[in-house]
Amino acid sequence: MRRNRGATRFDIGGGTGVISRVVAGSLDITREVCPMTYVRTKLKLESLALGEVLEVFLAGDEPLRNIPLQARQEGHEVLSLEMEANGIWRLLLRKS
């Protein structure tokens with residue numbers, strides 16, 4: 001599985017509405033358990049500037065349900081949530 005180091009480009013939307021962005025930070029919380037999954041995500045988001053994108057790799061039902069929900073509740077934007085491989089999910093969050 002790919003783990004990003006440094007800036008990674010990704011596209012949102014399709015057709016003529018594609019928006020290209022750069023991932024400003026990456027976080028692997030696949031081995032963490034709640035509540036540390038969101039604590040680590042929140043700390044990483046706090047280190048980013050407004051509008052920057054955080055890539056989070058996560059696994060398990062609880063983080064998959066709670067991380068996007070808590071991020072939205074704090075006003076951040078969930079850009080995408082995609083399954084990678086072996087039960088690992090890739091979540092993209094934009095700091096708001």
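Just so it is clear, none of the values below were taken in a lab; they were calculated from the coordinates. Nothing here was measured: the structure is a model prediction, and the numbers come from that model. Quick reminder, even Gly has a Cβ in these numbers, built from the backbone with ideal geometry, and neighbours come from all protein chains shown.
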| task | Bin width 10 Å, alpha-carbon pairs only: give the P(r) of the range 38-95 as whole percents, running from 0 to the bin holding the largest distance. | result | 24, 60, 15, 0
| request: Treat the count of other C-beta atoms within 10 Å as a stand-in for reagent exposure and order 95, 42 from fewest to most. | output: 42, 95
| nm² value of the averaged projected area, convex hull over the Cα atoms of the range 22-66 | 3.0 nm²
